[in-house]
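Colleague: Take a look at the following structure, please.
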């Protein structure tokens, strides 16, 4: 596969990159310079104790499909471990917060894989249809299920065009403390909200970076200095099913279509 | 005092005794003594916590989940961490065990709680040293489901 959208004007991108580093040091973007030109970005500083999530922040993810390899499931495995949703050997009913999907261009015969998970829509249909208010969107754009009020009706699963939500069919024990889950409720990707609130990256992003692919970038779409905003501004990217007008927080680039 | 009076008095006493015996038996149910938590004292006065812990937990859970407010003291995670009761195997007992801190009182007052349908009832650090065992790796990692992506992106 060619380098697609990634072989842009390196000089200008590097200049803006360095500029963003300089502002990032004083601003909300946290960057750790490893070497000249190589900076580790973390999504933001952790909020202080007792501080609520703010609508000034809009968490988002940019998936570079051109860097996502067929056969690699690092993001899926990391999510399952982080959130404790291992399957029961029933693919039809097992919970699946994130999955790899294969997209094929029949004209060219080429195919790509990309991760598909809750797209954290700005206008989430799952929230619209929920009869109890359990399906909800946080101020910073993270869409969650409040399992305290979820009655397991699964309307949200039908409403979601991305098939991102799962219903827990079996009793669950030994849950991760930061990711409670139980039989009879619906669940989906939380953007690893427990990590994000600590100022850390979601587990899938960290795992993808660990494989040196770096196909996933997470950050604040409202912060013009963030890495994700820079990439969204610089490279063409698209929302899946943008025709629905849901304004997802997850965007995809490098799609060979 | 006539014989009839004496007989009726004794009969009345027997009836009273028979009626009172279940009440006396109820008094013999031991008052629970939940295990003491770690540290010097709870996040608030014990009597206050006994009375108000349900509303404190409910209030904080909504703040945390819906508003993203983290780090406040009335968390279920905090209760579980501090009040873990060691079992015979030197590991904290789960809610299945009658000795579990929450269960000691909740059994006594016959109040069912469903926190542990979703939340773990023991501290995580005592349950797993590292990551989850991969007995059941996630299935269907490469999805064969009908998905909107392939339909939308084909040839686009």
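Colleague: Let me spell it out: the conditions are (1) within 19 Å of residue A:121 (Cα to Cα); (2) within 14 Å of chain B (Cβ to nearest Cβ); (3) not in a loop (DSSP other than H, G, I, E, B), and residue A:206 meets all of them except one. Which number is the exception?
Modeller: Here residue A:206 meets the rest and fails (1).
Colleague: State whether the residues of the range B:31-46 include one that is assigned to a helix (DSSP H, G or I), touching a helix residue (DSSP H, G or I) at 6+ places or on another chain (Cβ under 9 Å) and at pLDDT 90 or above.
Modeller: Among the residues of the range B:31-46, not one is assigned to a helix (DSSP H, G or I), touching a helix residue (DSSP H, G or I) at 6+ places or on another chain (Cβ under 9 Å) and at pLDDT 90 or above, which makes the answer no.
Colleague: With in a loop (DSSP other than H, G, I, E, B), closer than 30 Å to residue A:134 by Cα and at pLDDT 90 or above as the only criterion, which of B:50, B:61, B:70 stands out?
Modeller: Numbers: B:50 fails: in a loop (DSSP other than H, G, I, E, B); B:61 fails: in a loop (DSSP other than H, G, I, E, B).
None of the other options fit; the residue is B:70.
Colleague: So, residue A:213, is that one assigned to a strand (DSSP E or B) and at negative phi or not?
Modeller: No, not satisfied.
Colleague: Please go through the range A:66-102 and give me each residue that is closer than 24 Å to residue A:123 by Cβ and touching a residue at least 24 places away in the same chain (Cβ under 8 Å), ordered by number.
Modeller: Answer for the range A:66-102, where residues must be closer than 24 Å to residue A:123 by Cβ and touching a residue at least 24 places away in the same chain (Cβ under 8 Å): A:96, A:97, A:98.
Colleague: Among A:189, A:156, which is part of a helix (DSSP H, G or I), in contact with a helix residue (DSSP H, G or I) (Cβ under 8 Å, 6 or more places away or on another chain) and away from chain B (no Cβ under 12 Å)? I'd like the intermediate steps shown before the answer.
Modeller: Working: A:189 fails: part of a helix (DSSP H, G or I).
Result of the check over A:189, A:156: A:156.
Colleague: For residue B:98, only one of the following conditions fails: (1) at pLDDT 90 or above; (2) surrounded by 15 or more Cβ atoms within 10 Å (Cβ to Cβ); (3) in a loop (DSSP other than H, G, I, E, B). What is its number?
Modeller: (2)
Colleague: Just checking, which of A:119, A:96, A:163 is part of a loop (DSSP other than H, G, I, E, B), crowded, with 23+ Cβ neighbours inside 10 Å, within 15 Å of the chain's Cα centre (by Cα) and within 8 Å of another protein chain (Cβ to nearest Cβ)?
Modeller: A:96
Colleague: Determine, yes or no, whether residue A:233 is over 26 Å from residue B:71 (Cβ atoms) and part of a helix (DSSP H, G or I).
Modeller: yes
Colleague: I want to confirm something. Restricting to the range B:73-90 and keeping residues that are in a loop (DSSP other than H, G, I, E, B) and either in contact with a helix residue (DSSP H, G or I) (Cβ under 6 Å, 6 or more places away or on another chain) or under 30 Å from residue A:141 (Cβ atoms) (or both), which single residue is modelled with the lowest pLDDT? Let's see the steps before the verdict.
Modeller: First pass over the range B:73-90, keeping only residues in a loop (DSSP other than H, G, I, E, B): B:73-75, B:83-85, B:87-90.
This time we only want the ones that are either in contact with a helix residue (DSSP H, G or I) (Cβ under 6 Å, 6 or more places away or on another chain) or under 30 Å from residue A:141 (Cβ atoms) (or both), so: B:73-75, B:83, B:85.
Numbers: B:73: 90, B:74: 94, B:75: 94, B:83: 94, B:85: 94.
Taking the candidates together, the pick is B:73.
Colleague: Now a separate question. Here are A:213, A:181, A:195, A:176: which of them is surrounded by fewer than 20 Cβ atoms within 10 Å (Cβ to Cβ), under 26 Å from residue B:123 (Cβ atoms) and in contact with a helix residue (DSSP H, G or I) (Cβ under 8 Å, 6 or more places away or on another chain)?
Modeller: Among A:213, A:181, A:195, A:176, only A:176 is surrounded by fewer than 20 Cβ atoms within 10 Å (Cβ to Cβ), under 26 Å from residue B:123 (Cβ atoms) and in contact with a helix residue (DSSP H, G or I) (Cβ under 8 Å, 6 or more places away or on another chain).
Colleague: Can you name every residue in the range A:182-199 that is in contact (Cβ under 8 Å) with a residue 40 or more places away in the chain and more than 23 Å from residue A:121 (Cβ to Cβ)?
Modeller: A:198, A:199
Colleague: Here are A:110, A:132: which of them is over 28 Å from residue B:71 (Cα atoms) and either surrounded by fewer than 23 Cβ atoms within 10 Å (Cβ to Cβ) or within 10 Å of chain B (Cβ to nearest Cβ) (or both)?
Modeller: On inspection, the qualifying residue turns out to be A:110.
Colleague: Please determine whether any residue of the range A:171-181 is in contact with a strand residue (DSSP E or B) (Cβ under 6 Å, 6 or more places away or on another chain), at the interface with chain B (Cβ under 10 Å from one of its Cβ atoms) and either touching a residue at least 40 places away in the same chain (Cβ under 8 Å) or not in a strand (DSSP E or B) (or both).
Modeller: Step one: of the range A:171-181, the residues in contact with a strand residue (DSSP E or B) (Cβ under 6 Å, 6 or more places away or on another chain) are A:181.
Those left that are additionally at the interface with chain B (Cβ under 10 Å from one of its Cβ atoms): A:181.
In the following step, the residues that additionally are either touching a residue at least 40 places away in the same chain (Cβ under 8 Å) or not in a strand (DSSP E or B) (or both) were identified as A:181.
Yes, the range A:171-181 contains a residue that is in contact with a strand residue (DSSP E or B) (Cβ under 6 Å, 6 or more places away or on another chain), at the interface with chain B (Cβ under 10 Å from one of its Cβ atoms) and either touching a residue at least 40 places away in the same chain (Cβ under 8 Å) or not in a strand (DSSP E or B) (or both).
The values are calculated or read from the model by the stated rules, or taken from the named source; none is laboratory data. Keep in mind that what you see is a predicted model, and the values were worked out from it rather than measured. Cβ coordinates were reconstructed from backbone atoms using ideal geometry, including for glycine residues, and neighbour counts include every protein chain displayed.
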